[in-house]
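Contents: one structure, followed by commentary.
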């Protein structure tokens with residue numbers, strides 16, 4: 001489109017100059033115009049080829065950048081996935097360890113408490129037997145609510 005406008009402008013200029021000089025359009029003028037038109041076509045073709053090459057380079061650059069961004073995105077997803085996986089598995093391990101340790105730590109206390117309850121029950125039975133023969137012990141047990 002641009003070359004057509006340039007060609008029309010040049011024809012207009014040449015025709016104006018030749019008309020103003022009062023000379024007619026000669027064969028040499030016609031040949032010169034043909035050479036000029038061919039030169040413009042060649043120049044336009046080179047410009048279009050250059051634009052196509054530039055556009056191709058830009059498209060290649062875009063494709064390369066998209067490929068790199070995809071690689072970076074994939075790397076980040078895997079990295080964060082592994083990071084969160086390690087974090088949550090570590091937290092699970094820690095919670096499991098705390099529960100296991102608490103169970104192990106409470107087992108002796110529970111055993112000792114059961115032993116003390118059994119001993120208290122035996123002492124209560126022994127006091128109740130003594131209370132059958134001794135009125136003072138019977139009165140004391142009655143006062144504390146054990147009889």
* To do: Compute the acute angle (0 to 90°) between the alpha-carbon long axis of helix 135-144 and the principal axis of greatest extent of the alpha-carbon atoms of the chain; round to the nearest 10°.
  => 20
* Using 0.36 nm per residue, how much length does the chain from residue 46 to residue 74 gain when fully extended, once their Cα-Cα distance is taken away? -> 5.9 nm
* What full-extension length gain, to one decimal in nm, is calculated for residue 124 and residue 104 as 0.36 nm per residue of separation minus the Cα-Cα distance? -> 4.1 nm
* Average projected area of the Cα convex hull of the chain, in nm²? -> 21.2
* Asked: Which value in deg cm²/dmol, rounded to the nearest 500, describes the helix-derived mean residue ellipticity at 222 nm for the chain, given -39,500 (n - 2.57) per DSSP H run of n ≥ 4 and division by the residue count?
  -> -34500 deg cm²/dmol
* **Rh by Kirkwood over Cα pairs, then Stokes-Einstein D for the range 75-147 at 1.306 mPa s and 10 °C, µm²/s** => 93
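A short reminder: the numbers here are calculations on the coordinates, not readings from a lab. For clarity, every value in this text was computed on a predicted model and none was experimentally measured.
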